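Structure, as structure tokens:
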Amino acid sequence: MFQTKRWNLMNDTTYNQRVINDAAELLKSGSTVAFPTETVYGLGADARNEVAVARIFEAKGRPTDNPLIAHVATKDQLKKLVRVLSPVAEKLIDHFSPGPLTYVLPSNGMCATNVTAGLSTIGIRLPGHPVAQELLKQCDIPIAAPSANISGKPSPTTAEHVWADLQGKIAGLLDGGPTGVGVESTVIDCTQEIPIILRPGGVTREQLEEVIGSVMVDPALANAEDKPRAPGMKYKHYAPEVPLWLVEGSLQDVIDAQGEKIKRIGVMASTETASELQADTIISLGSKKSLNDIAANLYDALRTFKEGDIDLILCETFPELGIGQAIMNRLKKAASEYIMEK
Ligand code: TXA
Ligand code: MG
């Protein structure tokens, strides 16, 4: 059990630098610290220190066969962790980093074996969030960081989410406010001639294709029977406390049909759809016209419905274009049923 230290960052650069320095010292001494990135909050530890990294797995209750992403501030630091960097990987890095893209590259073994879960490759990301950037610069070491949630739950997009899951289990938490993108980074395997998207995320397939031409998508993302190439994608994820049904078609029809059998129904929907519905609790995810807003609000909405208040969550589907691919990937993983209403 820890007395988790919580620092609130403010509009005061000197204060923030001092606080981030304290957090960096904790990380360098082998402790775990949660921090904001532009996607979701991460739970960091020194990626070269096996004992420190083990603390992440323990705090999250994470399966040890699921590798972690190493976070660094610069391309030079990234190069120190890999065996080779292909021209296509360099092109991606120069274009998208810092940003919400994670590169799977051949590892040179610099990081502890529990970071890579024994794989010959390593996932590396240069986060763009100013707090993450400053923290990584002050540490000057690679920081292993999965999302800072209890394994299986929705990823945290606010410090409150991290606090609810990990208070008492980690050494520190840097509160930098809500994260922004709201879904995790895109994971792209750059060890093949044509890179493969292993997890859709903050950088869209369309954006990647604009820069490097063709990209492939792990077939397991479309077909549940295939074994995913990103070990983490096989686990049940993002699960809210209450069962979630994804509904393609009329939500009101499903509400009306279930109304008799199920006591309290909660709905997650776009503002446009929400305005036409009648249900016990309705959370608006933002306008249909901005899938970026829907992504930013998604995990907070999933965490809002609590067992005891609501018996079933219904959520509408979104077009699988742009960031919509990441939204639908997460919703399908969170859902226990997919209903098609015509
Ligand atoms: O946006 C993000 O990526 C956040 C922030 C904190 O950076 N991090 C994050 O980490 O989402 P995590 O651990 O929740 O998800 C990492 C994903 C998992 O699905 C994992 O299996 C995959 O990346 N991964 C990591 N290293 C890999 C590797 N060497 N090969 C294949 N997949 C890998
Ligand atoms: Mg995660």
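Being more than 20 Å from the chain's Cα centre (by Cα), assigned by TED's automatic domain parsing to the domain that holds ILE188 and more than 16 Å from ligand 2 (Cβ to nearest atom) narrows it down to one residue among LEU136, LEU119, LEU105; which is it? Don't jump to the end; show me each part of the working.
Numbers: LEU136 fails: more than 20 Å from the chain's Cα centre (by Cα); LEU105 fails: more than 20 Å from the chain's Cα centre (by Cα).
Unique residue meeting the criteria: LEU119.
Out of the residues in the stretch 275-332 that are over 18 Å from GLY202 (Cβ atoms), out of contact with any Gly (no Cβ under 9 Å at 6 or more places or on another chain) and hydroxyl-bearing (Ser, Thr, Tyr), which is surrounded by the fewest Cβ atoms within 10 Å (Cβ to Cβ)?
Restricting to residues being over 18 Å from GLY202 (Cβ atoms), out of contact with any Gly (no Cβ under 9 Å at 6 or more places or on another chain) and hydroxyl-bearing (Ser, Thr, Tyr), the top hit is SER275.
Name every residue in the stretch 177-231 that is of a type in the set (Ser, Thr, Tyr) and either touching a residue at least 40 places away in the same chain (Cβ under 8 Å) or surrounded by 19 or more Cβ atoms within 10 Å (Cβ to Cβ) (or both), in order of residue number.
The first filter runs over the stretch 177-231 and keeps only residues of a type in the set (Ser, Thr, Tyr), leaving 179, 185-186, 191, 204, 214.
THR179, SER185, THR186, THR191, THR204, listed by residue number.
If you check ALA117, ALA148, which single one turns out to be near ligand 1 (Cβ under 10 Å from one of its atoms), crowded, with 23+ Cβ neighbours inside 10 Å and in contact (Cβ under 8 Å) with a residue 24 or more places away in the chain?
Details: ALA117 fails: crowded, with 23+ Cβ neighbours inside 10 Å.
Of ALA117, ALA148, the one residue that is near ligand 1 (Cβ under 10 Å from one of its atoms), crowded, with 23+ Cβ neighbours inside 10 Å and in contact (Cβ under 8 Å) with a residue 24 or more places away in the chain is ALA148.
Could you say which residue among LYS60, LYS75 is open to solvent by 10 Å² or more (accessible area, probe 1.4 Å) and either farther than 30 Å from THR4 by Cα or touching a residue at least 12 places away in the same chain (Cβ under 8 Å) (or both)? Quick ask: steps written out before the conclusion?
Numbers: LYS60 fails: open to solvent by 10 Å² or more (accessible area, probe 1.4 Å).
Being open to solvent by 10 Å² or more (accessible area, probe 1.4 Å) and either farther than 30 Å from THR4 by Cα or touching a residue at least 12 places away in the same chain (Cβ under 8 Å) (or both) holds for just one of LYS60, LYS75, which is LYS75.
Are any residues in the stretch 149-182 hydrophobic (A, V, I, L, M, F, W, C) and closer than 16 Å to PRO240 by Cα, and if so, which ones?
Once the filter is applied, which keeps residues that are hydrophobic (A, V, I, L, M, F, W, C) and closer than 16 Å to PRO240 by Cα, the stretch 149-182 yields ILE150, VAL162, ALA164.
The values are calculated or read from the model by the stated rules, or taken from the named source; none is laboratory data. Just so it is clear, the structure is predicted and the values come from calculations on it, not from any experiment. We place every Cβ from the backbone using ideal geometry, glycine too, and count neighbours over all the protein chains shown. Areas reflect the complete protein model, heavy atoms only, side chains present, ligands, DNA and RNA absent. Shrake-Rupley method; radii C 1.70, N 1.55, O 1.52, S 1.80 Å.
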